[in-house]
Amino acid sequence: MEYVHKSVLLKESIEYLNIKADGIYVDGTLGGGGHSEEILKRLKAGRLIAIDRDIDAINAAKERLKDYKNVYYVNDNFKNIKEILKNLKIDKVDGILLDLGVSSYQLDETQRGFSYMKDAPLDMRMDKESPFSAYDVVNKYSEEELERVIKEYGEEKWASRIAKFIVEARKKSEIKTTFQLVEIIKNAIPASARREGPHPAKRTFQAIRIEVNEELKDLDKAIEDMVEVLRGKGRIAIITFHSLEDRIVKNTFKRLEKPCICPPKMPCTCGKKPLIKIITKKPVMSSKEELEVNPRSRSAKLRVAEKL
């Protein structure tokens, strides 16, 4: 299947990066390569480091970007940014972009099991080499663990019923496919609650995907590491797709902009100096035009900060 991915907030994120022709930039979530291509178009003597956990994304992007020679591909997690740069013998970079969404390709490739709209094995791994998948979460987590994951990462108010129904169902036989799971979720949520709002399985699928890929784990630490490797005036632009991620980005940026821990109205004695300036006081959202072309961009939010 062709790796197609509509890059979200493409124009806005590239503009906010303030790309210098001779700079070094990092696309921490290469995906379909749309953001990377726009960065590369603006580089002359500069270089791009393109990172993705999904080897399919790397291989597809190599084909798409084959005319560009100034790009290094790294099959890794952006959270290992310091190690990645050390291996490339790069000290500082001029800009970093993260698009934290699941790519359209991953959602649309049925066998990956990300979508509740297509029947497939319970998988949801962004890194296909990982031994841990959605199957393990659904079939091996205790009822309490399932409830925690679905409530915390899916913000699902029916989490406890869904967890209970999953445990009851798997007593009869293993839950192996996405549609089996969708059916269980539908049975767990009262019919009156299913009539309104998004697809009844949406939140639970999001929760399991976040758990499988540890998407929120150490995200704040990763942002701190990225700010550390930025040059002065370098920018970090992060696109999120749900409130949990956005909250982490927003709060981490705030903490790095105002790191002082001294009591309010007291002179500062902690010595902690601001590391960044937040460029987007409010998150940048998709335009009406973009929403018409790409409905998946509806929940996208872009936040940008500049290294002091």
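Things worth noting here:
- Only one of GLY46, GLY34, GLY28, GLY23 that is touching a His at 6+ places or on another chain (Cβ under 7 Å) and either among the hydroxyl-bearing types (Ser, Thr, Tyr) or in contact (Cβ under 8 Å) with a residue 24 or more places away in the chain (or both): GLY34
- For the range 40-89, the set of residues classified as within 20 Å of GLY23 (Cβ to Cβ), out of contact with any strand residue (DSSP E or B) (no Cβ under 9 Å at 6 or more places or on another chain) and among the hydrophobic types (A, V, I, L, M, F, W, C) consists of ALA45 only.
- Count of the range 5-41 residues which are at pLDDT 95 or above, assigned to a helix (DSSP H, G or I) and of a type in the set (A, V, I, L, M): 4
- Of the residues examined, LYS282 is one that is of a type outside the set (Asp, Glu), in a loop (DSSP other than H, G, I, E, B), under 28 Å from LYS11 (Cβ atoms) and in the same structural domain as TYR25 (by TED's automatic domain parsing).
- Exactly one residue out of ILE208, ILE261, ILE248 is assigned by TED's automatic domain parsing to the domain that holds ASP27 and either part of a helix (DSSP H, G or I) or within 30 Å of SER130 (Cβ to Cβ) (or both), and it is ILE248.
- The residues of the range 15-69 that are of a type in the set (Lys, Arg), farther than 19 Å from ALA237 by Cβ and surrounded by fewer than 18 Cβ atoms within 10 Å (Cβ to Cβ), listed by number, are LYS44, LYS62, ARG64, LYS66, LYS69.
- Residue check for LEU181: touching a residue at least 12 places away in the same chain (Cβ under 8 Å), surrounded by 20 or more Cβ atoms within 10 Å (Cβ to Cβ) and within 30 Å of ILE90 (Cα to Cα): no
The values are calculated or read from the model by the stated rules, or taken from the named source; none is laboratory data. Computed from a predicted structure; not experimentally measured. Note that each Cβ is placed from the backbone with ideal geometry, even for glycine, and that neighbours are counted across all protein chains shown.
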